[in-house]
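Worksheet for the structure shown next.
The values are calculated or read from the model by the stated rules, or taken from the named source; none is laboratory data. Given the structure is predicted, the values throughout are model-derived calculations rather than measurements. Positions of Cβ are generated from backbone atoms using ideal geometry, with glycine treated the same way; all protein chains shown enter the neighbour counts.
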Amino acid sequence: MLGERVGNASLCCSCCWWCAAVAAGIAAHNWGDISNKANAWDIATMWQQTTCQILASGVSCTDKDSGSACFGYTGGTAPSSQPPVFLTEHMATCPGSYWCAKEGGTCHCNGEITYAPALFDGHMYTVPSAEQAYKVASSSSWQCGTDQSGKPFSVDPAPWRAKHCWCTPQSILDILKQDASGLHKKKCSEASNAAFEQQGRRLYQEPPVVKDADAKEDEEDEEYEEMTESEQEVDVATPRRLTDVMYTARRRRTFSYTPWALVSLQPDSDRLDGDRDGAKQISCAYEFGVPAASSALYTSSGPYSGDVWKAERVAKAWGDVPTRPCWVRVRSEAGERLANCAVALDKPGTLKDQAKRKMEVAQICLWISLGLAVPCTCCLIFLIYVRSGNERQAQQQGLMNNMQHHRD
């Protein structure tokens, strides 16, 4: 009986520590990959320091499985602080559009409401600024999913997917009216994420041809319209997406958080774009200049848990000191011009240091797990060997007893 208990304990120990070793190995590999990208991304000569004025800040939350809004947060109303700081439960995206209702619910909004499955997927913005087909003006309450006349939208923007409403408060709209043409958030998120992901490989490649910002933004708006039309055909053939989104509470989720800030860049350098009359340039800024890095850094397995408080502290700190130094990525190894696109509120090198620490912690956990998994496995193998030897000995003894019995 004692041997059986020891064997079960060894089996349990072995399985648990091998699972922990696999998880630690995956984490170490992922953080090693991010560390390699950060080594190229954080090169100081690729950045130029300037001054940023924080106009708004917040934390966006994305369900990594569905790419939509996080399940379990309460939403909220527009913050009254100056500059406005959107808490995590607001699920707000840059420049300050917060979640106000799910489809069919009531959205309390004084500003502009956008109806879509998501505005931000953790890496890039999914709805171009010029897209007006699913936006309505609101001065109080509005039923999510209805057009300006109060009737349901005639064309579903994303069939078979759960949709939500986000409110952009009038105070944010007033900021955007001053220089809305300069906020290329969709184009910039795509450009900065692509440059970050390709850093390691682009060191040895020829510089690609890059179109100017306005031309690329117009081109992406056309692509979005074509994609919206094609999605209506594709999504009909994939109804599983509805199940993935609607039943989020039934399985473990992985949420990613991205602190962001709407900033005004001081036109103190001829390498930063600005209007001819010296007007300031607005942009969406992140800790390290790229949203994908923050999304990898802050995660949780559900609402109000994990790294959510760390991400929220970052956004609050930006709101507490609205005028601060920031860094603009003016070029990369491949020669892309990312000025006003990749704006970092942390000094270049911070991401490299954090990724290195995360990788080292994961490696330590890996060695500890292996150090405990191997002895447990050896103990289990030894017990199996002893037990099989005892069984063979018992069988031999039984045969000898039978032979002796027949002789007698």
Determine if region 269-278 includes at least one residue that is modelled with pLDDT under 90, polar (S, T, N, Q), closer than 15 Å to LYS185 by Cβ and outside any helix (DSSP H, G or I). no
Subset tally (residues that are closer than 23 Å to GLY75 by Cα and either more than 14 Å from the chain's Cα centre (by Cα) or among the aliphatic types (A, V, I, L, M) (or both)) for region 277-291: 2
Within the group GLU336, GLU312, GLU391, which residue is modelled with pLDDT under 80 and crowded, with 17+ Cβ neighbours inside 10 Å? GLU336
Among the residues that make up region 230-249, is at least one of them modelled with pLDDT of 50 or more, surrounded by fewer than 22 Cβ atoms within 10 Å (Cβ to Cβ) and outside any strand (DSSP E or B)? no
With the first residue restricted to region 356-377 and required to be in a helix (DSSP H, G or I), and the second required to be among the aromatic types (Phe, Trp, Tyr), Cβ contacts under 7 Å at 6 or more apart or on different chains are LYS358/TRP31; MET359/TRP31; ALA362/TRP31; SER369/TRP17; LEU372/TRP17; ALA373/TRP17; ALA373/TRP18; CYS376/TRP17
Those residues of region 82-130 which are in a loop (DSSP other than H, G, I, E, B) and surrounded by fewer than 19 Cβ atoms within 10 Å (Cβ to Cβ), in sequence order: GLN82, LEU87, GLU103, GLY104, GLY105, ASN110, MET124, SER129, ALA130
Regarding GLN170, is this residue surrounded by fewer than 17 Cβ atoms within 10 Å (Cβ to Cβ), under 23 Å from ALA137 (Cβ atoms), of a type outside the set (Asp, Glu) and in contact with a strand residue (DSSP E or B) (Cβ under 7 Å, 6 or more places away or on another chain)? yes
Hey, TRP31 among the hydrophobic types (A, V, I, L, M, F, W, C), crowded, with 17+ Cβ neighbours inside 10 Å and not in a strand (DSSP E or B) or not: yes
Tally up the residues in region 296-319 that are within 18 Å of ARG357 (Cβ to Cβ) and not hydrophobic (A, V, I, L, M, F, W, C), please. 6
Going through region 48-81 in order, the residues found to be under 14 Å from PRO117 (Cα atoms), small (Gly, Ala, Ser) and surrounded by fewer than 23 Cβ atoms within 10 Å (Cβ to Cβ) are SER66, GLY67
Considering (1) modelled with pLDDT under 85; (2) touching a Leu at 6+ places or on another chain (Cβ under 9 Å); (3) of a type outside the set (S, T, N, Q), say which one ILE54 fails and leave the rest. (1)
More than 27 Å from SER294 (Cα to Cα) and aliphatic (A, V, I, L, M), is that true of LEU370? yes
Residue list for region 34-71, restricted to those being of a type in the set (A, V, I, L, M), part of a strand (DSSP E or B) and under 18 Å from the mean Cα position of the chain (by Cα): VAL59, ALA69
Return only the number of the condition from (1) under 26 Å from the mean Cα position of the chain (by Cα); (2) at pLDDT below 90 that GLN178 does not satisfy. (1)
